[in-house]
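J.: Here it is, the structure, as structure tokens.
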Protein chains: 2
Amino acid sequence: MARASLDFYYEFASTYSYLAAARIGPLAEAAGVEVVWRPFLLGPIFAAQGLTTSPFNVHPEKGRHMWRDLERLAARYGLPPVTRPPSFPANGLLAARVATVLNDASRPAFSRQIFHRAFAQGEDIGEREVVRQVLAGLGHFCADVIEAAERQENKDRLRAQTERAKAAGVFGAPSFVTADGELFWGNDRLELALDHARALAA
Amino acid sequence: MARASLDFYYEFASTYSYLAAARIGPLAEAAGVEVVWRPFLLGPIFAAQGLTTSPFNVHPEKGRHMWRDLERLAARYGLPPVTRPPSFPANGLLAARVATVLNDASRPAFSRQIFHRAFAQGEDIGEREVVRQVLAGLGHFCADVIEAAERQENKDRLRAQTERAKAAGVFGAPSFVTADGELFWGNDRLELALDHARALAA
């Protein structure tokens with residue numbers, strides 16, 4: 001039997017990526033599915049759709065519902081109460097570069113912490129200091145990691161990841177892609193994606 | 001204890017309204033929640049958002065995912081395989097007028113049948129003949145019902161229902177609204193909405 005795996009595409013400014021990142025670890029473990037954490041940038045993908053900001057800003061009613069929905073789901077999942085970041089969408093570029101440069105073992109914890117800072121603590125993850133604090137809290141040498149994250153080759157890796165997402169048909173975040181190329185969009189589809197990944201490998 | 005109830009806003013051209021309509025009966029019964037079926041028109045609501053067609057047509061990737069998602073969910077829910085209607089979104093005006101004129105006891109079965117014709121049989125529910133067949137199959141005198149559906153007072157009732165949806169903050173379909181005004185958008189939120197309706201009444 002092949003090892004079941006699932007590509008998890010997420011963007012740090014995305015509220016539903018936060019929920020998926022908070023949930024995916026235990027659910028994937030229970031399902032016997034290996035998760036590949038793939039941070040990417042929604043900006044270029046939204047731009048290609050003609051959007052200059054989040055759809056939740058374009059349609060205010062949709063935005064209002066999204067924040068309320070996030071509060072309700074956070075409560076249901078046992079996550080801390082939601083605190084909105086100072087601006088939405090946040091600039092997740094530095095955090096995404098750092099997540100890209102970290103190795104597979106360190107990326108999930110860093111990513112979950114960044115999301116927690118953004119949507120539970122309501123901090124601006126675009127602030128370099130917030131990223132530094134998260135790295136330091138996880139025992140990384142933050143100056144070294146940030147320097148590596150901002151090298152051209154790592155910027156290019158993040159760009160390639162976004163291109164990979166686009167090629168997989170990703171148009172929003174979070175998205176999940178299984179080995180056969182099936183695309184599942186949204187935190188609500190995490191369970192379905194895991195089921196499919198497991199069925200594929202069986 | 002107050003009777004738990006839930007407003008179910010649906011539009012016949014909406015694929016996820018189909019899924020919700022197919023599921024809500026047994027789920028609401030199990031939850032002890034009374035459902036008020038409220039057909040409305042998305043057209044005027046989308047128009048107020050500056051949209052002239054479905055968001056699934058505006059963004060082709062989103063549209064492709066939606067149809068695939070619909071197939072997967074139909075399989076998961078034990079519904080028949082999806083057959084796409086000849087055009088999307090369909091013109092659900094006549095069906096919505098008929099659903100409006102029918103009484104509370106007849107509205108759910110008619111609505112489920114229209115959705116089944118649209119998304120399981122792939123028929124054009126904008127065709128008067130399809131609406132007639134559904135009515136006849138349920139034992140209604142279809143000529144009488146359609147005549148009543150097209151009277152001005154019934155057209156006005158449907159318009160008022162759409163205004164009611166708008167006033168409740170509805171921006172897409174399906175939507176669920178509980179007695180305290182909480183809005184839940186999307187088939188994915190049906191269970192959460194039922195839980196909330198039940199908790200409110202307890």
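J.: When we measure straight from the Cα of B:Lys166, which lysines land under 29 angstrom away, once same-chain ones fewer than 8 places off are left out?
T.: Within the straight-line cut-off, B:Lys166 pairs with A:Lys62, B:Lys62, B:Lys155.
J.: Please state the shape class of chain B: rounded when a/c is under 1.5, otherwise prolate if a/b exceeds b/c and oblate if not, all from the C-alpha gyration tensor. Working shown, then result.
T.: On the way: a/c = 1.30, a/b = 1.10, b/c = 1.18.
Taking the square roots of the gyration eigenvalues as a ≥ b ≥ c, chain B is rounded.
J.: Using +1 on the beta carbon of Lys and Arg, -1 on that of Asp and Glu, and nothing else charged, what's the dipole of chain B about the Cα centre, debye to 20?
T.: Its charge dipole is roughly 220 debye.
J.: Distances from B:Ala105 to the same residue in each other copy, label points 7 Å out along Cα→Cβ, in nm, shortest first?
T.: 6.9
J.: Write down the percent of antiparallel bridges among all DSSP beta bridges whose residues are both part of the protein assembly as shown, to the nearest 5.
T.: Once the DSSP bridges in the protein assembly as shown are tallied, antiparallel ones form about 55 percent.
J.: Among the complete DSSP H segments of chain A, which ones combine at least 27 Å of alpha-carbon extent along their axis with a mean Kyte-Doolittle hydropathy of -1.0 or more?
T.: Sorted by number, there is nothing, because no helix extends far enough and scores high enough.
J.: What is the mean number of Cβ atoms from other protein chains located within 10 Å of the Cβ atom of each residue in peptide B:72-78, rounded to a whole number?
T.: Per residue, the average neighbour count from other chains is 2.
J.: Still on this structure, I have one more. So what's the gap between the Cα centers of region B:5-69 and region A:166-202, to the nearest angstrom?
T.: Using only Cα atoms to place each centre, the spacing works out to 23 Å.
J.: Could you size up the charge dipole of the protein assembly as shown around its Cα centre, putting +1 on the beta carbon of Lys and Arg and -1 on that of Asp and Glu, and report it in debye to the nearest 20?
T.: It comes to approximately 140 debye.
J.: Packing-wise, with mean Cβ within 10 Å as the measure, how do A:88-99, A:122-133 rank, highest first?
T.: Averaged packing, sorted descending, gives the order A:88-99, A:122-133.
J.: Here is a further query. At B:Arg198, label 7 Å along Cα→Cβ: distances to the other copies, nm, ascending?
T.: 2.4
J.: Going by the alpha-carbon gyration tensor, a ≥ b ≥ c the square roots of its eigenvalues, is region B:1-70 rounded (a/c under 1.5) or, if a/c is not under 1.5, prolate (a/b greater than b/c) versus oblate?
T.: Details: a/c = 3.62, a/b = 1.79, b/c = 2.03.
Oblate shape, in that a/c is at least 1.5 and b/c is the bigger or equal ratio.
J.: Using the Kirkwood radius over Cα pairs, work out the Stokes-Einstein diffusion coefficient for the protein assembly as shown at 4 °C and 1.567 mPa s, in µm²/s as a whole number.
T.: Rounded, D is 57 µm²/s.
J.: Now a separate question. Using packing as a proxy for protection, rank A:26-39, A:137-150 so that the peptide with the highest average count of other Cβ atoms within 10 Å comes first.
T.: Taking the mean over residues of other Cβ atoms within 10 Å, the ranking is A:26-39, A:137-150.
J.: Rounded to the nearest 5, what is the percent of antiparallel bridges among the DSSP beta bridges in chain A?
T.: 55
J.: What ranking do A:58-65, A:10-17, B:185-192 get when scored by the average of other Cβ atoms within 10 Å per residue, highest first? It would help to have the intermediate numbers written out before the result.
T.: Details: A:58-65: 16.5, A:10-17: 26.1, B:185-192: 20.1.
Ranking the peptides A:58-65, A:10-17, B:185-192 by packing returns A:10-17, B:185-192, A:58-65.
Throughout, read-outs are computed from the coordinates displayed, never taken from laboratory work. All values reported here derive from a predicted model rather than from experimental measurement. Because the Cβ atoms are built from the backbone with ideal geometry, glycine has one as well, and the counts that use them run over all protein chains shown.
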